[in-house]
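As structure tokens, the structure follows; a few thoughts come after it.
The values are calculated or read from the model by the stated rules, or taken from the named source; none is laboratory data. Nothing here was measured: the structure is a model prediction, and the numbers come from that model. So basically every Cβ, Gly included, is an ideal-geometry build from the backbone, and we count neighbours across all protein chains shown.
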Amino acid sequence: MLMPPQIATAAVAIIKVLTPVESFLILRRANHPSDPWSGQFSFPGGRKEEKDNSLLKTCIRETVEEVGVILTPEMMATKLPVTPAGRNMKSPVWVQPFIFVLQNQPPVVPDPREVQSICWLNSEKFQNKNYHREVELLPDRFFPAFPLEDYYLWGFTYKLMKSILNM
């Protein structure tokens, strides 16, 4: 069944760096009882606020707030199609992903109120199918996942990574 086009209410920054190796900035969300993605891996980003005059502004603002990385519109390489996040929940959030390409890893200063940790996900390692697993991440529900730190990258961010890397 084809879904009607949806209006994005949130945005994420997919930050790809080319050196020392091609990798992507992934953060692990801080634990908050009210956050359905608490403790999960994601790209920097969040919901659009009234002060944001565009989803690109939302993306740039949220990235600074969460990880201290300053992005500019000129750094944006492309935007991906609006994609639902949280399809396993009653009402998904429609997200506009933006890809930014940087030569080198920028300094990252995670806000501990929002971010538990950050890592640079190596593209080559992620593309190696031997690392991927089917894991029970919800009761009696298995999902494709990639081991990261002491948990798994799965769901929305996992699907976007696979799409970006044409897997």
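Can you pull out the residues in the stretch 114-149 that are in a loop (DSSP other than H, G, I, E, B), over 14 Å from the mean Cα position of the chain (by Cα) and modelled with pLDDT under 95? Lay out the reasoning, then the answer.
If we filter the stretch 114-149 for residues that are in a loop (DSSP other than H, G, I, E, B), which is where we start, we get 114, 128, 132, 139-140, 149.
Pick out the ones that are also over 14 Å from the mean Cα position of the chain (by Cα) and you get 128, 132, 139-140, 149.
Scanning the stretch 114-149 gives P139, D140, E149.
Among the residues of the stretch 118-167, count how many are surrounded by fewer than 16 Cβ atoms within 10 Å (Cβ to Cβ) and among the small types (G, A, S).
So the count comes out to 1.
State the number of residues belonging to the stretch 9-39 that are of a type outside the set (V, I, T), at pLDDT 85 or above and surrounded by fewer than 20 Cβ atoms within 10 Å (Cβ to Cβ). If you could, list the steps in order and put the result at the bottom.
Of the residues in the stretch 9-39, the ones of a type outside the set (V, I, T) are 10-11, 13, 16, 18, 20, 22-25, 27-39.
Checking which are at pLDDT 85 or above leaves us with 10-11, 13, 16, 18, 20, 22-25, 27-31, 39.
Those still in the list that are surrounded by fewer than 20 Cβ atoms within 10 Å (Cβ to Cβ) too: 10, 16, 18, 20, 22, 29-31, 39.
Counting residues in the stretch 9-39 that are of a type outside the set (V, I, T), at pLDDT 85 or above and surrounded by fewer than 20 Cβ atoms within 10 Å (Cβ to Cβ) gives 9.
Does T78 satisfy the condition of being among the hydroxyl-bearing types (S, T, Y) and without any contact (Cβ under 8 Å) to a residue 40 or more places away in the chain?
Numbers: among the hydroxyl-bearing types (S, T, Y): yes; without any contact (Cβ under 8 Å) to a residue 40 or more places away in the chain: yes.
Criteria met by T78.
In the list T63, T83, T72, which residue meets the criterion of being farther than 19 Å from P112 by Cβ and in contact with a Pro (Cβ under 8 Å, 6 or more places away or on another chain)?
Values: T63 fails: farther than 19 Å from P112 by Cβ; T72 fails: in contact with a Pro (Cβ under 8 Å, 6 or more places away or on another chain).
T83 is the lone residue from the list that is farther than 19 Å from P112 by Cβ and in contact with a Pro (Cβ under 8 Å, 6 or more places away or on another chain).
Please identify the pairs in which a residue from the stretch 145-157 that is at negative phi has its Cβ atom under 8 Å from the Cβ atom of a residue that is surrounded by fewer than 15 Cβ atoms within 10 Å (Cβ to Cβ) and assigned to a helix (DSSP H, G or I), counting only partners at least 6 apart or on another chain.
The qualifying pairs are F146/Y131; P147/Y131.
Is there a residue being exposed (fewer than 15 other Cβ atoms within 10 Å of the Cβ) and in a helix (DSSP H, G or I) anywhere in the stretch 66-76? Spell out how you get there, then give the answer.
Of the residues in the stretch 66-76, the ones exposed (fewer than 15 other Cβ atoms within 10 Å of the Cβ) are 70, 72-74.
Those left that are additionally in a helix (DSSP H, G or I): 73-74.
Yes, the stretch 66-76 contains a residue that is exposed (fewer than 15 other Cβ atoms within 10 Å of the Cβ) and in a helix (DSSP H, G or I).
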